[in-house]
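Asker: Submitted below is the structure of interest, expressed as structure tokens.
Since every read-out is calculated from the coordinates, none of them should be taken as a lab result. A quick note: this is a predicted structure, and the numbers were derived from the prediction, not measured. Don't worry about glycine lacking a Cβ; one is built from the backbone with ideal geometry, like all the others, and counts go over all protein chains shown.
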Amino acid sequence: MHSIKYLSNRRIFAKGAGVVLRNFKVIDFGADKMKQYHVLIAPKNASHTYFLLVFGDDLYKGRITYDSRITVFGSLNGKSRINDSQINSGIAQRYAGKRVILVLIDKIQVKN
């Protein structure tokens, strides 16, 4: 998992298959003016491999905390970096410029 952020987009996204990110920890989160939640998650054993989830309350209406564990069903959508939009939503400035893998979400399960 740690090396996924260094793979080419072609290798990561070529198959277009669905993924399950099981029991990931919430690193940071925020919400923007359009009620879109920006949630930065990482697997338990790879604290520098980040995945970014952006979704509305139509997908999940519950509570998310720093202690939450999230399972995401979806597909990988690309690679990016944490930008001003995520920082302005409430994600901490210390994550600005960090590499992330973007996820298209079909379903989210949260354990608080």
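Asker: Return the long-range amide H neighbours of Lys79 (sequence gap of 5 or more, or a different chain), with a cut-off of under 5 Å between placed amide H atoms.
Answerer: Correct list: Leu102.
Asker: What's the exposure ranking of Thr49, Thr71, going from fewest to most Cβ atoms within 10 Å?
Answerer: Numbers: Thr49 19, Thr71 15.
In increasing order of surrounding Cβ atoms, one gets Thr71, Thr49.
Asker: While we're on this one: When the Karplus curve 6.51 cos²θ - 1.76 cosθ + 1.60 is applied with θ = phi - 60°, which whole-Hz ³J(HN,Hα) does each residue of the range 62-69 get, with x for Gly and Pro?
Answerer: With coefficients 6.51, -1.76 and 1.60, one gets x, 9, 10, 10, 5, 8, 5, 10 Hz.
Asker: Among the aspartates and glutamates, select those whose C-alpha is under 14 Å from the C-alpha of Lys111, and discard any that sit fewer than 8 residues away in the same chain.
Answerer: The reachable aspartates and glutamates, counting only those whose Cα sits under 14 Å from Lys111, are Asp67.
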